[in-house]
Amino acid sequence: MASSPLSALRRTVEPLLDRAHVPFSGRPTASLVLLEDGMWIPGVRIESASFSLTQPALLNAVTTAVAQGRQQDVVALVLSRPFQRGEAAYASDLPGGPWEAFAPDVWTSRPGRSLPTPTRPVDPSVRPAQVSAAGGENHAGQQAAGISAARQVAERAYVPASSYPVGAVLEIEDGPFLPGVNVEHPDWTRILCAERNAVGTAYAYGQPDVRRLFLSCLNDPEGTPCGACRQVLAELTPEATLWMDRHSDAPQRTTASALLPGSFRGRALLS
């Protein structure tokens, strides 16, 4: 006898716990957003040594869906444990609602209706046509492709308050570009920047080995990562090369570590 969609959702989210980055608490949490067509997008808890910058699993999944341009298709939010008060408050203010509890660990935007059975994860890859398979760190084609991809995904940013769209793509070892955009929320403490969104996507998909990060602020040729993003990048991608879009000028190159010399790593806090 076939299992219910609810049982299938719980079986799907549980293995994602292994992808969480929880060196300080040792308490992994996983999430997924379920789409109308049965496909799903993962999210995991990603801790920072600056504890307030920790990315909750649900926020990770929701913002990853935005970066993939699929937020309009989300019909359910799933956690690996029951929703807590803060997660319920976050879900209540998401677009596409009203959002209501379907089960202790599942919220839905379609109360009273059945949920689709989860099928497979959405492929998050961004593959601009001009990406070259050849070339090293200084290859102009790869730079252009990365900046082009960052500009492309910036169009997906959800910025109703600031009108300041930002796109980021990171390149993993032997893999494609993964996207991130800035995602605003009525509670500004729950806003996520594009750079941290991209890193969250990499961890959620179990691909945290980042080689390069490309950043584009569509309305600002002088845009750079904010202090919060610098802290997280210095912790999680310290050796990654960062290319920043300068619009009509050549992109600027730096590294995550150079952005925040002497960054706090919290080694004494490790559990």
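General remarks:
- As a proxy for reagent exposure, Ser52, Ser31, Ser25, Ser257 were ordered by neighbouring Cβ count within 10 angstrom, fewest first; the result is Ser52, Ser25, Ser257, Ser31.
- Largest-first principal axis extents, alpha carbons of the chain, Å: 57, 45, 37
- Mean shadow area of segment 56-104 over all directions, Cα convex hull, nm²: 3.2 nm²
- FRET efficiency, 1/(1 + (r/R0)^6) with R0 35 Å, evaluated for Ala88 and Glu173 via beta carbons: 0.40
- Antiparallel %, DSSP beta bridges [both residues in segment 142-271], to 5: 75 percent
- 14 Å beta-carbon shell around Ser148, net charge (K/R +1, D/E -1): +1
- Taking all pairs of distinct alpha-carbon atoms in segment 140-268, Kirkwood radius in angstrom: 14.5 Å
- Kirkwood Rh and Cα Rg combined as Rg/Rh, segment 5-108: 0.94
- If R0 equals 22 Å, the separation of the Cβ atoms of Ser4 and Glu36 corresponds to a calculated FRET efficiency of about 0.80.
- Estimated FRET transfer efficiency when R0 is 51 angstrom, pair Leu53-Asp249 (beta carbons, to 0.05): 0.95
- Relative to one another, the C-alpha centroids of segment 148-163 and segment 42-87 are positioned 19 Å apart.
- Neighbour net charge for Ala240 - beta-carbon separation under 9 angstrom, K R +1, D E -1: 0
- Per-residue Cβ neighbour rank within 10 angstrom, fewest leading, Thr254, Thr189: Thr189, Thr254
- For the chain, the dipole from Cβ point charges (+1 on Lys and Arg, -1 on Asp and Glu) about the Cα centre works out to 460 debye, to the nearest 20.
- With Cα atoms, 0 to 90° folded angle of helix 227-236 axis to the chain main axis: 90 degrees
- Expressed in Å, the radius of gyration and Dmax of the Cα atoms of segment 222-271 are 12.7, 47.
- Residue order for Thr224, Thr201, fewest other beta carbons within 10 angstrom first, comes to Thr224, Thr201.
- Helical mean residue ellipticity (222 nm; -39500 (n - 2.57) per DSSP H run of 4+; nearest 500) of the chain: -7500 deg cm²/dmol
- Helix 140-154 vs. the chain, principal-axis angle (Cα, 0 to 90°, nearest 10): 40 degrees
- When both bridge partners sit in the chain, DSSP labels roughly 85% of those beta bridges antiparallel.
- Trypsin sites (Lys or Arg not before Pro) lying in DSSP loop within segment 59-115, provided at most 10 other Cβ fall within 10 Å: Arg113
- 11 Å beta-carbon shell around Pro208, net charge (K/R +1, D/E -1): -1
Read the figures in this text as sums done on the coordinates, not as results from a lab. Because the structure is predicted, anything quoted here is derived from the model rather than measured. So basically every Cβ, Gly included, is an ideal-geometry build from the backbone, and we count neighbours across all protein chains shown.
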